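These notes are about the structure you will find just below.
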Amino acid sequence: MRSLSIQVTAKPVYYKNLLFAHRLLGFLLFGPVAGYFAYELLPDHWDQWGLVISQPQLTVTWAVGLLLILIPANAYIARTTVNQAAYPQVRYQAWTPALFGLNALTWLLYLLGYEFLFRSLLFFPAIEVMGLWSAIGLNVGLYAIVHAPKGWREVFGAVPFGVLLCLASYETGSFWIAFIAHGSQALVNEFFSI
């Protein structure tokens, strides 16, 4: 009787404290620090940057629709060998509830700052200056570039996902829908990768 063993090489290994510190630093730089400078430079526009959920029913509709697509898609993708070569970023044989919770919390904080920067500070002001489709093109281009260190698959995936997040943010008038979608995508991917 043969035994089945799967060996995946080239798994990046991160020290959890360093990775968690990286995520917290990203949250601080992309969120409060960037927000402070944006507020100081353009205080008259602060209320136009999608910080408030002004259309709760539409936001819930978008959230439910996105989650119905993202959760099953990411559950499937997370189990692939290619995805498991990169995720989860913290490699442990035994995951405790505390480690799960800390991993999820740091992911969500990081993505809160990340989406605030991309879909609030960069996106809504760009719409005012260059129009919707040019702002989407600029935002998605930058979004794809920051995914380049993770390989061409993530860059390729960032383009349609970025367009979808921009459209959802525009339609709802808020960056929160992008955070909900990106956060759930990351957590589902992480959970099923583990």
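Things worth noting here:
- Backbone HN-Hα couplings from phi across region 59-73 [Karplus 6.51/-1.76/1.60, Hz, Gly and Pro as x]: 5, 5, 4, 4, 4, 4, x, 5, 5, 5, 8, 5, 5, x, 4
- Its Cα gyration tensor gives the chain an equivalent ellipsoid; the semi-axes, largest first and in whole Å, are 32, 18, 16.
- Across the alpha-carbon set of region 82-194, the Rg to Rh ratio works out to 1.02, Rh being the Kirkwood radius.
- Relative to its residue count, region 134-194 spans a Cα convex hull of 77 Å³ per residue.
- Size of charge dipole - the chain - debye, nearest 20, with Cβ of Lys, Arg +1 and Asp, Glu -1, no other charges: 1060
- Listed residues 87, 39, 114, most fluctuating in the chain (Gaussian network, C-alpha, under 10 Å): 39
- With every protein chain in place, region 110-161: carbon and sulfur % of accessible area (1.4 Å): 76
- Coupling constants for region 76-82 follow from the phi torsions by the Karplus curve (6.51 cos²θ - 1.76 cosθ + 1.60, θ = phi - 60°), and in residue order they are 5, 4, 4, 8, 6, 4, 4 Hz; glycine and proline get x.
- A dipole drawn for region 85-185 from +1 and -1 charges on Cβ atoms has a positive end, and of 101, 169, 144 the residue lying farthest that way is 101.
- Averaged per residue, the chain has 58 square angstrom of accessible surface, using a 1.4 angstrom probe with ligands and nucleic acids left out.
The values are calculated or read from the model by the stated rules, or taken from the named source; none is laboratory data. In this text the structure is predicted, and so the values were computed from the model without any measurement. So basically every Cβ, Gly included, is an ideal-geometry build from the backbone, and we count neighbours across all protein chains shown. Side chains included, ligands, DNA and RNA excluded: accessible areas come from the protein's heavy atoms. Shrake-Rupley method; radii C 1.70, N 1.55, O 1.52, S 1.80 Å.
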